[in-house]
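The values are calculated or read from the model by the stated rules, or taken from the named source; none is laboratory data. Nothing here was measured: the structure is a model prediction, and the numbers come from that model. Note that we place each Cβ from the backbone using ideal geometry, even for glycine, and neighbour counts take in every protein chain shown. We work out accessible area using only protein heavy atoms, side chains counted, and drop any ligands, DNA or RNA first. Shrake-Rupley method; radii C 1.70, N 1.55, O 1.52, S 1.80 Å.
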Amino acid sequence: MDFRKRKTAGLPILSGAVNGALAYAAGLAGTFTFIAVFGLKPLFEFVLTPTGIPFASKIGFAFYGGHFVPAQFGDGSTVNFALDVADFGILYVLLVVAILGATGYYLGSGEDIRTPREGALSGATLVIGYLPLVAIGTTFFKYQRAPAGTVGQSQTISLEVPLIRAIVMAGIVVPIVLGAIGGAVAVRTAE
């Protein structure tokens, strides 16, 4: 069954929600693969190894970094894991572009979509499934550790994905823009 045919207010809302959630999962899987294959830049691998950031958190930090959302330290400084820490960092940005663009393309290629505007609106519906997972994901990708032999909060190392920036950039702006472009391209290529 093609969920793109089920429309609410003329848009494939259900298909957008399902495909947006699948796009988020695919992005995490692709990031897992990139980190497993390429790892981190040697200098950062050396610096981060003693702090013991879990592999799952590295995946999350790099995935959100691919959306231009840097991880934030407790002191307010930031580092974009995708562009600054991971080897071949541009691949994480390209992964996000490819997955969200392809998802938008799929959503915009429904048989009853005739204009680029309709394609763009249909492609942008992926945000319905993507945004909630972006927000939930920020709660899982955190790291906090007190270095051995220290007492007090001032020495605690913490790293997290900032919620508001993640929601705005990774949850709304990037998926809407890339999904809309993919949907509009689907209509243009079908003409």
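Here is how the numbers come out for the structure above:
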{"quantity": "Tally of residues being open to solvent by less than 10 Å² (accessible area, probe 1.4 Å) and either touching an Asp or Glu at 6+ places or on another chain (Cβ under 8 Å) or not in a helix (DSSP H, G or I) (or both) across segment 78-88", "calculated": "1"}
{"quantity": "Per-region count, segment 50-77, residues outside any loop (DSSP other than H, G, I, E, B), in contact (Cβ under 8 Å) with a residue 24 or more places away in the chain and hydrophobic (A, V, I, L, M, F, W, C)", "calculated": "7"}
{"quantity": "Residue that is part of a helix (DSSP H, G or I) and either of a type in the set (K, R) or modelled with pLDDT under 90 (or both), where the choices are S122, S154, S158", "calculated": "S154"}
{"quantity": "Top-ranked residue in segment 103-112 [being over 12 Å from P175 (Cβ atoms) and part of a helix (DSSP H, G or I); ranked as farthest from the chain's Cα centre (by Cα)]", "calculated": "G108"}
{"quantity": "Check on I128, assigned to a helix (DSSP H, G or I), open to solvent by 30 Å² or more (accessible area, probe 1.4 Å) and more than 16 Å from L28 (Cβ to Cβ)", "calculated": "yes"}
{"quantity": "Residue check, L100 open to solvent by 30 Å² or more (accessible area, probe 1.4 Å), outside any loop (DSSP other than H, G, I, E, B) and within 11 Å of A23 (Cα to Cα)", "calculated": "no"}
{"quantity": "Residue, surrounded by the most Cβ atoms within 10 Å (Cβ to Cβ), within segment 161-180, restricted to residues that are in contact with a Pro (Cβ under 9 Å, 6 or more places away or on another chain) and not in a loop (DSSP other than H, G, I, E, B)", "calculated": "G171"}
{"quantity": "Selection count, segment 48-77, where residues are loosely packed, with under 14 Cβ neighbours inside 10 Å and either polar (S, T, N, Q) or touching a Gly at 6+ places or on another chain (Cβ under 9 Å) (or both)", "calculated": "3"}
